[in-house]
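Have a look at the structure below before the remarks.
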Amino acid sequence: LFLLLNILHILLCTAQSFCYNDGYEYENLLANGRTSFVNYSGPYHVRVYFHIIRMTNGSGEYAFQETDISSCLEILNDDYAPHNIFFDYAGMDYIDNTIFYGMDEMQDSYFDALINTNIHEDAIDIYLLPTSGSIGGRASSIPGRALAVGGTMDGVSMGISHVLSHEMGHCLGLFHTFHGGEREPFGCAEL
């Protein structure tokens, strides 16, 4: 009886019938006219626009440099090429704002103001915050139209690391693998 109950429990846990995802993300993609994801053959080309955050006077010892953008693109393309997804450079600009430059964490009000600065409807906006501190990364939503990365971890700039690819994954509609688990109880747990 114990063995039978365990087998039944395993079968119920692995079935997807308990997953009640309402499809919001799919509907969001359709509402924004992004239906090409249905064709799984690819290749997919995603336009990206970079925003380098500096102090209001245009300086910033820890600000990204224009030359860093090629490294960002290389990381994104290396990480996503095996999945037939490629990132195309759509341009860059500087956002000279000492308040954004001084962000030491991704607080909602500052983050929302940042990702609504110089937005592009035809590309995913990437905001590169200074490499000082341990800011981290954040996507605007899942799926999203913008992301921000900044800071340094173990001597490596998060903007020129796989953190950039991680946040881009959220913009492309990917949740964390623990989504729906104990840490995020309202989603569909991934097996």
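Using a simple spin-label model with pseudo-atoms 7 Å out from Cα toward Cβ, Ala113 and Arg47 lie 2.9 nm apart.
Our summary of shape: the Cα atoms of the range 45-167 have principal axis extents of 39, 32, 24 Å, ordered from largest down, in whole angstrom. Nonpolar atom fraction for the range 75-182, defined as the carbon and sulfur part of the 1.4 Å probe accessible area, stands at 53 percent. Backbone phi angles across the range 132-149, fed through the Karplus curve with coefficients 6.51, -1.76 and 1.60 (θ = phi - 60°), yield HN-Hα couplings of 7, x, 10, 5, x, x, 7, 9, 5, 5, 10, x, x, 10, 7, 8, 9, 9 Hz in residue order; Gly and Pro are listed as x. For the listed peptides 157-165, 98-106, a ranking on the average number of other beta carbons within 10 Å per residue, highest first, reads 157-165, 98-106. The residues of the range 76-133 expose on average 49 square angstrom of accessible surface per residue, using a 1.4 Å probe on protein heavy atoms. Rounded to the nearest Hz, the phi-derived 3J(HN,Hα) couplings of the range 60-70 under the Karplus curve 6.51 cos²θ - 1.76 cosθ + 1.60 (θ = phi - 60°) are x, 4, 9, 6, 4, 10, 4, 5, 6, 4, 5, where x marks glycine and proline. Between Arg47 and Asp88, Ile124, the built amide H atoms are under 5 Å apart, and every one of these is 5 or more places off in sequence or on another chain. Distances between placed amide hydrogens fall under 5 Å for Leu172 paired with Gly144, all partners being 5 or more residues away or on another chain. Relative contact order of the range 84-144: 39 percent, from C-alpha pairs under 8 Å at least 6 residues apart in sequence.
The values are calculated or read from the model by the stated rules, or taken from the named source; none is laboratory data. Note that the structure is a prediction, hence the values are computed from the model and not measured. Cβ: placed from backbone, ideal geometry, glycine included. Neighbour counts: every protein chain shown. In case anyone asks, the SASA skips ligands and DNA or RNA and just uses the protein heavy atoms, side chains included. Shrake-Rupley method; radii C 1.70, N 1.55, O 1.52, S 1.80 Å.
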